[in-house]
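Here the structure comes first, spelled out in structure tokens, and everything after it is commentary.
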Amino acid sequence: MGIGSKVFYGIGTFLIVMAVFYAFATNFVADDAYQFGYEWAGGVGLILATAFSFMMGGYLHFTESRTDVLPEDWEEAEVEDGAGVLGFFSPSSIWPLAMTGAIVLMAFGIAFWQLWLLAVGAVLLIWATTMLNLQYGIPKEKH
């Protein structure tokens, strides 16, 4: 088990303890005599954060067990051991910006409860995501 999964499992364990403490505190501690009861917004937020933390820890545990020893996990590693190609990143792609604009339209549609704006944003998001994935598969003269 790598350090990444241990960190997220530790965060998840801490959040479970805090969720129990939060449930106790909101049930039995109140400023006013008439405000007793569980506070749902914070409790659900803590439970979801716990679930997401354990999901991320599980993913990292799953992937770290199938990889070789990384330079971060090797005590005698040098800086040069971590050098190399990290991946391919498109230097001049417009599609991430288009996807962000589509997500903003969807957020405005939700915020102002305009379903037509939400639908337009969803269609634009699907189109921009497709174009991002196909930008190097389409011949250059078709761009």
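The values are calculated or read from the model by the stated rules, or taken from the named source; none is laboratory data. Keep in mind that what you see is a predicted model, and the values were worked out from it rather than measured. A quick note on method: Cβ atoms are made from the backbone with ideal geometry, for glycine too, and the neighbour counts reach across all protein chains shown. To get the accessible areas, we keep the full protein, side chains included, count just its heavy atoms, and leave off ligands, DNA and RNA. Shrake-Rupley method; radii C 1.70, N 1.55, O 1.52, S 1.80 Å.
Just the residues that are open to solvent by less than 100 Å² (accessible area, probe 1.4 Å) and modelled with pLDDT of 85 or more, please, taken from the range 78-93.
S93
Given the range 1-113, what helices (runs of 4 or more DSSP H) lie entirely inside it while holding 1 or more residues that are more than 30 Å from I126 (Cβ to Cβ)?
3-28, 40-64
Restricting the range 14-46 to residues that are modelled with pLDDT under 90 and aliphatic (A, V, I, L, M), which is farthest from G57 (Cα to Cα)?
My answer is A33.
Among (1) within 30 Å of L134 (Cα to Cα); (2) surrounded by 11 or more Cβ atoms within 10 Å (Cβ to Cβ), which single condition is A19 missing?
(1)
Residue by residue through the range 53-77, note down the ones that are open to solvent by less than 50 Å² (accessible area, probe 1.4 Å), closer than 19 Å to Y9 by Cα and without any contact (Cβ under 8 Å) to a residue 40 or more places away in the chain.
T63
Give the residue, chosen from T50, T26, that is in contact with a Leu (Cβ under 7 Å, 6 or more places away or on another chain), surrounded by 14 or more Cβ atoms within 10 Å (Cβ to Cβ) and among the polar types (S, T, N, Q).
Answer to the check: T50.
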